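The values are calculated or read from the model by the stated rules, or taken from the named source; none is laboratory data. Just so it is clear, the model here is predicted, and its values are computed rather than measured. All Cβ positions, even for glycine, are placed from backbone atoms using ideal geometry, and neighbour counts span all protein chains on display.
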């Protein structure tokens with residue numbers, strides 16, 4: 001099972017991003033990421049999703 | 001600041017996770033941070049793996065990645081203010097996990113060959129229709145195995161739908177088997193089943 005997980009780890013990064021950044025309990029009024037960091041998050045995500053897409057195409 | 005992984009009902013068995021208890025609720029935290037961690041793959045996986053471990057011992061509501069609070073008092077105030085909602089949500093996810101199912105089309109979603117606005121709209125509607133149909137095929141098979149489900153159509157280019165199902169732990173194998181059957185039946189898209197995940201999509205029972 002762990003082999004399978006490792007194999008699919010890059011692809012499931014998309015699922016991970018959807019859940020960790022789009023789901024979960026959200027606390028109103030907490031100290032979340034500073035405004036400057038939010039841009040950083042979005043840039044990182046775009047890079048991640050792009051690399052996942054590339055991997056998916058490459059493995060097809 | 002303290003980083004919050006999630007909220008549950010039991011003290012963590014894992015010694016590397018600290019806990020803060022308030023009125024029957026237990027928050028799982030990490031104190032070695034100075035700010036919210038950056039969403040690198042390593043940090044994201046750390047969040048998820050910690051929660052997966054905690055879920056072995058009991059019901060856990062995952063926090064959204066990057067949740068930090070100023071101190072223990074701030075966390076207790078949150079637990080106090082939201083204790084009824086949190087308890088309801090914990091009751092919903094107890095003994096259950098989240099399973100993910102999504103369908104990927106082989107070609108990129110937009111080919112850029114629509115010559116007019118009208119053709120673009122027609123193509124878009126056609127994609128929506130196909131996505132809804134695929135989600136329906138999956139749900140007809142998987143929906144009866146789950147307590148709750150959420151589905152998002154066309155969440156990004158190339159993805160027909162992305163759904164999450166809240167499934168009893170005892171039925172994970174059955175869920176995967178049915179997802180495999182759906183995958184075998186659907187030819188126009190690649191149906192991917194992931195999980196078990198912490199119940200990220202079912203953490204707000206009040207909604």
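Within segment B:91-105, does at least one residue satisfy the condition of being at pLDDT 95 or above, over 30 Å from residue B:160 (Cα atoms) and part of a helix (DSSP H, G or I)? Among the residues of segment B:91-105, at least one is at pLDDT 95 or above, over 30 Å from residue B:160 (Cα atoms) and part of a helix (DSSP H, G or I), which makes the answer yes.
The set of residues in segment B:50-90 that are within 22 Å of residue B:168 (Cβ to Cβ) and in a helix (DSSP H, G or I) comprises B:51, B:52, B:53, B:54, B:55, B:86, B:87, B:88, B:89, B:90. Within segment B:112-151, the set of residues being in contact (Cβ under 8 Å) with a residue 40 or more places away in the chain and part of a helix (DSSP H, G or I) comprises B:130, B:134, B:137, B:138, B:141, B:142.
Would you check if there is a residue in segment B:156-163 being in a strand (DSSP E or B), modelled with pLDDT under 95 and surrounded by fewer than 16 Cβ atoms within 10 Å (Cβ to Cβ)? Checked segment B:156-163: at least one residue is in a strand (DSSP E or B), modelled with pLDDT under 95 and surrounded by fewer than 16 Cβ atoms within 10 Å (Cβ to Cβ). Just one residue in the set B:26, B:1 is more than 19 Å from residue B:197 (Cα to Cα) and within 13 Å of chain A (Cβ to nearest Cβ); that residue is B:1.
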